[in-house]
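Peer 1: Dumping the structure here so I can ask a few things about it.
The values are calculated or read from the model by the stated rules, or taken from the named source; none is laboratory data. Quick caveat, the model's predicted, so the values are computed rather than measured. Every residue, glycine among them, receives a Cβ derived from its backbone with ideal geometry; neighbour counts consider all protein chains shown. Calculation scope for accessible area: heavy atoms of the full protein, side chains included, ligands and nucleic acids excluded. Shrake-Rupley method; radii C 1.70, N 1.55, O 1.52, S 1.80 Å.
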Amino acid sequence: MKVKVGQRTYRMTRKEYQGLLEIASEQVALGVYALEKDDYAELRNDHCDSTTQLKAMIGQFKAQGFKVMANARVHK
């Protein structure tokens, strides 16, 4: 599968991608950390200020046909 990280695109197995996802999910507390569509994935680092903003962002990506991976936990 193709995985875009920053400005670069890499080819990797699904298992390697799952390892990257675990790391990416720890980096974003409230926001979107990855998008998937078919055999393509994109690691992101989109931080949100509120859950309302997060829901709007998720809706925009889903409207484009992406599966969205996001975290909605707020650090205190």
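Peer 1: Condition first: of a type in the set (K, R), open to solvent by 60 Å² or more (accessible area, probe 1.4 Å), out of contact with any Pro (no Cβ under 6 Å at 6 or more places or on another chain) and in contact (Cβ under 8 Å) with a residue 24 or more places away in the chain. Can you find one or more residues in segment 9-28 that meet it?
Peer 2: no
Peer 1: How many residues, within segment 31-43, are open to solvent by 20 Å² or more (accessible area, probe 1.4 Å) and part of a strand (DSSP E or B)?
Peer 2: 6
Peer 1: Further question: Check A56 against each of (1) within 19 Å of R8 (Cβ to Cβ); (2) at pLDDT 95 or above; (3) over 13 Å from the mean Cα position of the chain (by Cα) and name the one condition it does not meet.
Peer 2: Among (1) within 19 Å of R8 (Cβ to Cβ); (2) at pLDDT 95 or above; (3) over 13 Å from the mean Cα position of the chain (by Cα), the lone unmet condition for A56 is (1).
Peer 1: When only residues in segment 44-76 that are assigned to a strand (DSSP E or B) and touching a residue at least 24 places away in the same chain (Cβ under 8 Å) count, which is farthest from Q18 (Cα to Cα)?
Peer 2: Among residues in segment 44-76 that are assigned to a strand (DSSP E or B) and touching a residue at least 24 places away in the same chain (Cβ under 8 Å), the one farthest from Q18 (Cα to Cα) is A72.
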